[in-house]
Structure formats: structure tokens, C-alpha cells
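A.B. asks: First the structure, which I've put down as C-alpha cells, then a few questions once you've had a look.
The values are calculated or read from the model by the stated rules, or taken from the named source; none is laboratory data. Quick caveat: nothing in here was measured; it's all calculated off a predicted structure. Backbone-built Cβ (ideal geometry, glycine too); neighbour counts: all protein chains shown.
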Amino acid sequence: KAGVTQTPRYLIKTRGQQVTLSCSPISGHRSVSWYQQTPGQGLQFLFEYFSETQRNKGNFPGRFSGRQFSNSRSEMNVSTLELGDSALYLCASSLDLRRGAYNEQFFGPGTRLTVL
Amino acid sequence: GIQVEQSPPDLILQEGANSTLRCNFSDSVNNLQWFHQNPWGQLINLFYIPSGTKQNGRLSATTVATERYSLLYISSSQTTDSGVYFCAVVDLNAGGTSYGKLTFGQGTILTVHP
């Protein structure tokens, strides 16, 4: 079974631009979570989607948004990029067989975003 | 929110040595995972271990949920074991704000020299 895939793997943008990152979960997985990893803050939770609905959101500004499609694929968008948005963005998927229950998360390879 | 602390922050070993990494968490959890982050940034699943003991080759893990800690054992370390090891948990008491949310420790940087 194919793992979690993320595209693109690398991105270079300039301040003020916007960016869209894509994540395809493991087949059959319905929950997709996004994380930001920086040297200073470590790994931080951005948001989680299940059945096209955002169920949970971390402590990030409104410039960070996302969505999930009917096939469970997810995208996240960052508008008006700032230098501090340079980071590794990771998505993870899980089965989430029962609503609210937690299942093991599996991560994609990440998208490394550099903002100049 | 829940706090996750990992120790030691850095660990340097010679090939063949054994090591123990520790993860302490501040509240009850309904899940705990150990990951190895490779040099390209991908998080590789090692264990899904909310309680009990599991073994996979040279690696094993034990979680004592009632005492709020987990241990990752690496035996006969190899240079390919180098990298960052993360422990991550889901807060049992966070209700809806726990959906899909792993809280990570700061990691242990392991370096294995040949």
C-alpha cells in the first residue's frame, strides 16, 4: 500500500506571496493532520480534517488554512507569506475508524518551504 | 495543554552500544508514538504504544501510562540509527481539541559513530 505523499517536495517563495501544499493520505485513511516543523518551535500542530470538515485547529494565524476533498486528499494554503513561515510542512493520515477515536498517524515526506 | 519532555536531548554512542531514550508526559494519554526522523525530514513510525511493551528487532519500547512515561531501547546501535527520535502523544482529557493532534517532545538527537 502506498504511503502518504506530499507535493511539491521543495518550494521557494518570496514574502507576500501565497502557497498551496498538497497531501494524499494512505488509501482508506480519512483523517489528515498538518504540522509545521521549525528549528526554534519544533513540531507544531496546524489543523486536522476528517470527512471534508476541519475538526481541530492549532494556534496559528488565519493566514494558514486548509481543506479536504471527498477523496480525503488535503491541501493547505498559506497567504501573505512571511520569512518566519520557512519550515518543513508535514502531513499525516490515520484511519480514525470511530469518530473521535485516535489511531496511529503515518507521515508523508514533507514539503520544505523557503520564504525569501 | 499536555507537556512532553524527552531526555537526553543529545546522545553520542559508539557503534554496538545500547541506549535508552525517555519520554515523560504531564497528563493522561490515549496514544503514544515513537518516531525516527531521517536526514531528509521524514518521520518514520517506530512504535504505536499507548501502554505495555513492544519489540521490533533491535528496538523495543515500554509505556507505563499510570506513571506517565515511555522508554525507547536501542540495542547494538548502528550508524544508520543516527537521527532525531521523537515521542508524541494525544491528550486523553482534551476532548474535541485532541482530534488528530499529536503533541511532540523536543526530540533526542542520536549520533552513532563507527
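A.B. asks: Out of all the residues in segment A:91-100, is one or more without any contact (Cβ under 8 Å) to a residue 12 or more places away in the chain, over 15 Å from the mean Cα position of the chain (by Cα), under 24 Å from B:S98 (Cβ atoms) and away from chain B (no Cβ under 13 Å)?
C.D. replies: The answer is yes, given that some residue of segment A:91-100 is without any contact (Cβ under 8 Å) to a residue 12 or more places away in the chain, over 15 Å from the mean Cα position of the chain (by Cα), under 24 Å from B:S98 (Cβ atoms) and away from chain B (no Cβ under 13 Å).
A.B. asks: Let me ask something else. Among the residues of segment A:72-96, what is the count of those that are buried (at least 21 other Cβ atoms within 10 Å of the Cβ), at pLDDT below 95 and not polar (S, T, N, Q)?
C.D. replies: Residues flagged as buried (at least 21 other Cβ atoms within 10 Å of the Cβ), at pLDDT below 95 and not polar (S, T, N, Q) within segment A:72-96 amount to 1.
A.B. asks: Condition (residue is buried (at least 16 other Cβ atoms within 10 Å of the Cβ) and in contact with a helix residue (DSSP H, G or I) (Cβ under 6 Å, 6 or more places away or on another chain)) applied to segment B:84-91: is it met by at least one residue? Even if it seems obvious, please write down each step before you answer.
C.D. replies: If we filter segment B:84-91 for residues that are buried (at least 16 other Cβ atoms within 10 Å of the Cβ), which is where we start, we get B:84-91.
Those left that are additionally in contact with a helix residue (DSSP H, G or I) (Cβ under 6 Å, 6 or more places away or on another chain): B:90-91.
Checked against the condition, which is being buried (at least 16 other Cβ atoms within 10 Å of the Cβ) and in contact with a helix residue (DSSP H, G or I) (Cβ under 6 Å, 6 or more places away or on another chain), segment B:84-91 yields at least one hit.
A.B. asks: Here's something else I'd like to know. With (1) surrounded by fewer than 21 Cβ atoms within 10 Å (Cβ to Cβ); (2) under 26 Å from B:N93 (Cα atoms) as the list, and A:F69 as the residue in question, which single condition is left unmet?
C.D. replies: For A:F69, the exception is condition (2).
A.B. asks: A follow-up question, please. Considering only residues of segment A:1-47 that are modelled with pLDDT under 95 and charged (D, E, K, R), which is nearest to B:F104 (Cα to Cα)?
C.D. replies: A:R30
A.B. asks: Taking into account only those residues within segment B:61-107 that are aliphatic (A, V, I, L, M) and within 8 Å of chain A (Cβ to nearest Cβ), which is nearest to B:S7 (Cα to Cα)?
C.D. replies: Of all residues in segment B:61-107, those aliphatic (A, V, I, L, M) come to B:61, B:64-65, B:71-72, B:74, B:84, B:88-90, B:92, B:94, B:102.
Those left that are additionally within 8 Å of chain A (Cβ to nearest Cβ): B:88, B:90, B:102.
Working: B:A88: 13, B:V90: 19, B:L102: 18 Å.
This residue is B:A88.
A.B. asks: For the subset of segment A:20-53 comprising residues that are more than 12 Å from the chain's Cα centre (by Cα) and within 17 Å of A:E75 (Cα to Cα), which member is surrounded by the fewest Cβ atoms within 10 Å (Cβ to Cβ)?
C.D. replies: Within segment A:20-53, the match that is surrounded by the fewest Cβ atoms within 10 Å (Cβ to Cβ) is A:T53.
A.B. asks: Answer yes if at least one residue in segment A:48-61 is of a type in the set (K, R) and more than 14 Å from chain B (Cβ to nearest Cβ), and no otherwise.
C.D. replies: As a first pass, look at segment A:48-61 and keep what is of a type in the set (K, R): A:55, A:57.
Checking the rest, the ones that are also more than 14 Å from chain B (Cβ to nearest Cβ) come to none.
No, segment A:48-61 contains no residue that is of a type in the set (K, R) and more than 14 Å from chain B (Cβ to nearest Cβ).
A.B. asks: Could you please find all residues in segment B:23-60 being among the hydroxyl-bearing types (S, T, Y) and more than 10 Å from every other protein chain (Cβ to nearest Cβ)?
C.D. replies: B:S26, B:S28, B:S51, B:T53, B:S60 - these are the residues of segment B:23-60 that are among the hydroxyl-bearing types (S, T, Y) and more than 10 Å from every other protein chain (Cβ to nearest Cβ).
A.B. asks: Condition first: more than 11 Å from chain B (Cβ to nearest Cβ), closer than 17 Å to B:L43 by Cα, without any contact (Cβ under 8 Å) to a residue 40 or more places away in the chain and exposed (fewer than 15 other Cβ atoms within 10 Å of the Cβ). Can you find one or more residues in segment A:2-14 that meet it?
C.D. replies: Yes, there is a match, as at least one residue in segment A:2-14 is more than 11 Å from chain B (Cβ to nearest Cβ), closer than 17 Å to B:L43 by Cα, without any contact (Cβ under 8 Å) to a residue 40 or more places away in the chain and exposed (fewer than 15 other Cβ atoms within 10 Å of the Cβ).
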